[in-house]
Amino acid sequence: MLSKTIEEALNKQIRIEAESSQVYLAMAVWAEVKGLEGISNFMYDQSDEEREHMLKLVKFVNERGGHAQVSELNAPNVTFNSFQEMFEKLLEHEIFVSTSINELVHISLQEKDYATHNFLQWYVAEQIEEEATARTILDKINMIGDDKGGLYLFDRDIQQLTVNSAAQDLSGQA
Ligand SMILES: [Fe+2]
Ligand SMILES: [Fe+2]
């Protein structure tokens, strides 16, 4: 059984993951309208992943005798000055989520809820990976700057990144 404190903290995280999905959906749409299909597909995949993160929390809360909350969400930023700015926002957002997960881990220890603590380790590992991916992409985008040709090539490369991570997911399941 979840304590009220843990239930509230997990529900807050459910909302953050749902908002993350919306944030990345807005980025996917913006990139698609700009004609950059690779970046757009990458962001659509990120948006789907965040929804999965949310659902995993929803199931956990309900399975442990809590009641998952489906909350109203803050509207995401829907327009950007550049792809550089968009990917800066992506990294900033992942860092914000990591901070929130860390806080949640801290609360689980305070509450001596070791089942929740154990469950959260998946999110800790996931955040390390997502921050690293966001940093790698941002480094590349910073090198490209305003170069249109560079951005075109990057759009093709990031598609490969999406394919590779999908392949990893599949091999992970096998
Ligand atoms: Fe997430
Ligand atoms: Fe994320």
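Since every read-out is calculated from the coordinates, none of them should be taken as a lab result. Keep in mind the model is a prediction, meaning the values are calculated, not measured. When we count neighbours, we look across all protein chains shown, and the Cβ atoms used for this are built from the backbone with ideal geometry, even at glycine.
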message = How would the range 1-87 be classified by its alpha-carbon gyration tensor: rounded, prolate or oblate, with rounded meaning a/c under 1.5 and the a/b versus b/c comparison settling the rest?
response = prolate
query = Counting other Cβ atoms within 10 Å, which GluC sites (Glu not before Pro) in the range 1-105 have at most 12 and lie in a DSSP loop?
reply = Glu72
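Where does the charge balance sit around Val58 when Lys and Arg score +1, Asp and Glu -1, over other residues with C-beta under 14 Å from its C-beta?
On the way: positive: Lys12, Arg15, Arg51, Lys56, Lys59, Arg64; negative: Glu7, Glu17, Glu50, Glu52, Glu63.
So the surrounding residues net to +1.
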remark   = Sequence order, the range 45-59: Karplus ³J(HN,Hα) from phi using 6.51 cos²θ - 1.76 cosθ + 1.60, θ = phi - 60°, Hz rounded, Gly and Pro as x, gives 5, 4, 4, 4, 4, 5, 5, 5, 4, 5, 4, 4, 5, 4, 4
query = Short version: ³J(HN,Hα) in whole Hz for each residue of the range 76-84, in order, from phi by Karplus 6.51 cos²θ - 1.76 cosθ + 1.60 (θ = phi - 60°), x for Gly and Pro, what are they?
reply = x, 5, 10, 9, 9, 6, 6, 5, 4
key: Stokes-Einstein D for the chain, Kirkwood Rh over Cα pairs, 10 °C, 1.306 mPa s (µm²/s)   = 93
ask   = In angstroms, what radius of gyration and Dmax does the range 87-135 have, counting Cα atoms only?
value = 11.9, 37
